[in-house]
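Report on the structure given below.
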Amino acid sequence: MIRINLLAERKQKRQKKADLPLAVEAKKPLPFLTLLGIVTGAALLLAVLAVVFLKMQVSDLKNEYTSNQAKIAEYKKKIDEVKKFEALNKAIQQKSNLIETLKKNQSVPVRLLDDISKLLPDGVWLSSVTFNNPQAVIEGVGYTNMDVVSFVDNLKKSPAYSDVYLEETKQGTVEKTEVYNFKLNFKVKI
């Protein structure tokens, strides 16, 4: 029978551990409080760095905000100037359109009087002509009622006038001569 002594090996392992140099034995784990202090210090350092970084970013953003506000104020001034110019341009355009319309309609009363004088028969004369675009009102005097009717017919035949309407005729006297006063209105086709 073979006998193995296992206890002897254990003693040899213990002796080998005892023979190791002192430097190896001196390694002990760091105490818990020291480790906790190092971790806390590192966390505080990171927090301080984060706060400084964030303060720098906030400062940059405030500067950017201030410059943007200045730009906005400048742009508002420019927008107000543009609005003034647009309003001025619109007013000028309206005045220009009014002048063009007046120039266009300036010749209408002249043409109206010229046409009426051509259509006026002998024995009829006019006392007033009122033109309110496109409506015209004529008051006048004729020697006979037939002269007045002839004038009205001439106006109705003219293509430049429409809706010719004889409002009234009254018999009257002018310097001891019997005449017919009349009033008629019509629309002028421009």
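A few points about this structure:
- Counted residues, segment 92-124 - those being under 22 Å from residue 159 (Cα atoms) and of a type in the set (A, V, I, L, M, F, W, C): 8
- Exclusive hit being assigned to a helix (DSSP H, G or I), over 44 Å from the mean Cα position of the chain (by Cα) and either at negative phi or not charged (D, E, K, R) (or both), set 102, 184, 113, 88: 113
- Meets criteria (outside any strand (DSSP E or B) and surrounded by 10 or more Cβ atoms within 10 Å (Cβ to Cβ)) for residue 155: yes
- Residue match in segment 168-178 (condition: at pLDDT below 90, surrounded by 19 or more Cβ atoms within 10 Å (Cβ to Cβ) and touching a Phe, Trp or Tyr at 6+ places or on another chain (Cβ under 9 Å)): no
- Check on residue 154, touching a Leu at 6+ places or on another chain (Cβ under 7 Å), of a type outside the set (Phe, Trp, Tyr) and over 13 Å from residue 179 (Cα atoms): yes
- Sole residue being aliphatic (A, V, I, L, M) and loosely packed, with under 10 Cβ neighbours inside 10 Å, chosen from 137, 51, 129, 110: 110
- Selection of segment 130-148 for residues being under 18 Å from residue 170 (Cα atoms) and either touching a Leu at 6+ places or on another chain (Cβ under 8 Å) or not in a helix (DSSP H, G or I) (or both) yields 137, 138, 139, 140, 141, 142, 143, 144, 148.
The values are calculated or read from the model by the stated rules, or taken from the named source; none is laboratory data. Quick caveat: nothing in here was measured; it's all calculated off a predicted structure. Neighbour counts are summed over all protein chains in view; Cβ atoms, including those assigned to glycine, are modelled from backbone coordinates with ideal geometry.
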